[in-house]
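S.K.: Before I ask anything, let me first share the structure, which is written out below as structure tokens.
The values are calculated or read from the model by the stated rules, or taken from the named source; none is laboratory data. Note that the coordinates shown come from a computational prediction; the quantities given were computed from them, not determined experimentally. Virtual Cβ from ideal backbone geometry, glycine too; neighbours counted across all protein chains shown.
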Amino acid sequence: MTESPQESEEGRAAPSAPPPRARGSRLSSLIWGGVVILILVGVAWFVHSRAPQDKRVGRPASVSVVTTPVQQGDLPVTLNALGTVTPLATVTVKTQINGRLVSIGFREGQIVKAGDFLALVDPRPYEIALEQAQGQLVRDTALLHDAQIDLARYRTLATQDSIPQQQLDTQEYLVRQYEGTVRSDEAMVRNARLNVEYCHIVAPVAGRAGLRQVDQGNYVQPSDPSGVVVITQLQPISVIFTLPEDNVPAVMKRLTSGASLPVTAYDRALTTKLAVGTLLTVDNQIDTTTGTVKLRAQFDNRDNGLFPNQFVTALLLVDTLKGTNLVPTAAVQRGAPGTFVYVVNSERVVGLRPVKLGPTDGDRVAVLSGVNPGEQVVVDGADKLRDGAKVTLGNEQGGTGPAPAATPPDGQRRSRNKK
């Protein structure tokens, strides 16, 4: 049976369509492939952006720093504290008798010596009293001599049994009575003479006279609180300062060994050197409220550079470390590893080096362990470093980096003992 041309053409024009599940599977594969490609591109971009620019151009990354070599030398161990200039003697000169002040023999601010005349109290009443005491002494001395002559006569008569024994005994006791009276009169004469001497007020110590506390013509007496004048000893003079109790053992160890510890006095700003002296003594107890102990240093003060009650900064030299390793304080870093420095080797690679520090003197600090003399330590640029980083020495590039700090002058040196 032959098919009709119409039926054959319809059969060729309508091919069968693919199943719906096959089309969905192909679309899903395309989507997941695109996601994977995007992830790979993102990872590659992230890694590329995190790489240092120097690595992208074929050079290792480096940080510019400034270094200085570890030096070996002597470091003074000093302690500084705020102190007060305190005279060794401050005397309020008062009259020891009552009377009218008739003369002033000093100028305000004058330097006086012990025994110099200062003022005069009217001596006339005391001179009269002295004459009365002397007259009484003469009278009683004559009575004593008369009684002694009678006693000698009575003793001769008693040996001849011419007078009773009772009369002789009475005469002996009369002589003793007059002897006591004469001694009392002599004491009264010495007292009256002393009062006349007290009328002349003299300087009890050498020093500088202050402002006059009373004017000529006033009636003065020992009970006056302000006295006549205040004399302050200036040469020598002392400075009293305090130190924490933790520093006491080191100071006492040096003192008990017989060492003379020098003390330098500066003004409060540590800019002007005032005087140089020695430690005189340490107080016998620690103040429990502040945890400090007082020390006294003595100064000759020949140029009067120290003034009483002046506030100064005292620098006590306790010891000197000989041949210790020294680095600038700028090289010392503190962080999670503790106290450390960055050391640059010959290949310009830094290494983190923990160190043990000693005392500090100005810009320098002693390193007890951790570095060796001559090693290069970073003093500038350490905030950008990490262990193993590559560096460029800024102080070798035309001197662009700061030079190592010089030791400050004595007047600007602040020192403290690190624990």
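S.K.: Going by what's in this entry, would Thr271 be described as outside the structural domain of Arg107 (by TED's automatic domain parsing), more than 27 Å from Val91 (Cβ to Cβ) and in contact with a Leu (Cβ under 9 Å, 6 or more places away or on another chain)? Spell out how you get there, then give the answer.
M.R.: Details: outside the structural domain of Arg107 (by TED's automatic domain parsing): yes; more than 27 Å from Val91 (Cβ to Cβ): yes; in contact with a Leu (Cβ under 9 Å, 6 or more places away or on another chain): no.
The answer is no for Thr271.
S.K.: Do the conditions hold for Thr290, that is, is it touching a strand residue (DSSP E or B) at 6+ places or on another chain (Cβ under 8 Å) and farther than 19 Å from Asp74 by Cβ? Spell out the reasoning first.
M.R.: Working: touching a strand residue (DSSP E or B) at 6+ places or on another chain (Cβ under 8 Å): yes; farther than 19 Å from Asp74 by Cβ: yes.
Here the answer is yes, as Thr290 does meet what is asked.
For every residue, the table says whether it meets (1) modelled with pLDDT under 95; (2) among the small types (Gly, Ala, Ser); (3) under 30 Å from Tyr266 (Cβ atoms).
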{"residue": "Leu79", "(1), (2), (3)": "yes, no, yes"}
{"residue": "Val93", "(1), (2), (3)": "no, no, no"}
{"residue": "Gly109", "(1), (2), (3)": "yes, yes, yes"}
{"residue": "Gly115", "(1), (2), (3)": "yes, yes, no"}
{"residue": "Leu118", "(1), (2), (3)": "no, no, no"}
{"residue": "Ala129", "(1), (2), (3)": "no, yes, no"}
{"residue": "Gln134", "(1), (2), (3)": "no, no, no"}
{"residue": "Leu137", "(1), (2), (3)": "no, no, no"}
{"residue": "Gln148", "(1), (2), (3)": "yes, no, no"}
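Listed here are the residues, each with its yes/no results for (1) more than 20 Å from Asp383 (Cα to Cα); (2) in contact with a helix residue (DSSP H, G or I) (Cβ under 9 Å, 6 or more places away or on another chain).
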position	(1), (2)
Arg334	no, no
Phe340	no, no
Val343	no, no
Lys356	yes, no
Thr360	yes, yes
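S.K.: Among residues belonging to region 296-332 that are within 30 Å of Val85 (Cβ to Cβ) and in contact with a helix residue (DSSP H, G or I) (Cβ under 9 Å, 6 or more places away or on another chain), point out the one that is surrounded by the fewest Cβ atoms within 10 Å (Cβ to Cβ).
M.R.: Initial filter on region 296-332 (within 30 Å of Val85 (Cβ to Cβ)): 296-320.
So of that shortlist, the ones also in contact with a helix residue (DSSP H, G or I) (Cβ under 9 Å, 6 or more places away or on another chain) come out as 315-316, 318-319.
Details: Leu315: 23, Leu316: 24, Val318: 21, Asp319: 17.
Checking each candidate, the answer is Asp319.
S.K.: Do you know which residues across region 326-339 are within 15 Å of Thr67 (Cβ to Cβ) and of a type outside the set (Val, Ile, Thr)?
M.R.: Leu326, Pro328, Ala330, Ala331, Gln333
S.K.: Do we find that Val391 is crowded, with 19+ Cβ neighbours inside 10 Å, under 30 Å from Leu317 (Cα atoms) and either of a type in the set (S, T, N, Q) or modelled with pLDDT of 85 or more (or both) in this structure? Outline the logic, then answer.
M.R.: Values: crowded, with 19+ Cβ neighbours inside 10 Å: yes; under 30 Å from Leu317 (Cα atoms): no; either of a type in the set (S, T, N, Q) or modelled with pLDDT of 85 or more (or both): yes.
Criteria not met by Val391.
S.K.: So, one more: Return yes or no: is Tyr198 aromatic (Phe, Trp, Tyr), surrounded by 13 or more Cβ atoms within 10 Å (Cβ to Cβ), farther than 22 Å from Val112 by Cα and in contact (Cβ under 8 Å) with a residue 24 or more places away in the chain? Write out each step before concluding.
M.R.: Details: aromatic (Phe, Trp, Tyr): yes; surrounded by 13 or more Cβ atoms within 10 Å (Cβ to Cβ): yes; farther than 22 Å from Val112 by Cα: no; in contact (Cβ under 8 Å) with a residue 24 or more places away in the chain: yes.
No; evaluated as a whole, the condition is false for this residue.
S.K.: Name the residues in region 220-271 that are β-branched (Val, Ile, Thr), over 14 Å from the mean Cα position of the chain (by Cα) and surrounded by 13 or more Cβ atoms within 10 Å (Cβ to Cβ), would you?
M.R.: Step one: filter region 220-271 for residues β-branched (Val, Ile, Thr), giving 220, 228-232, 237, 239-240, 242, 248, 251, 256, 263-264, 271.
Checking which are over 14 Å from the mean Cα position of the chain (by Cα) leaves us with 220, 228-232, 237, 256, 271.
Residues satisfying the conditions are Val220, Val228, Val229, Val230, Ile231, Thr232, Ile237.
S.K.: Additional query: Does region 275-285 contain any residue that is in contact (Cβ under 8 Å) with a residue 40 or more places away in the chain and part of a loop (DSSP other than H, G, I, E, B)?
M.R.: So far as region 275-285 goes, no, none of its residues is in contact (Cβ under 8 Å) with a residue 40 or more places away in the chain and part of a loop (DSSP other than H, G, I, E, B).
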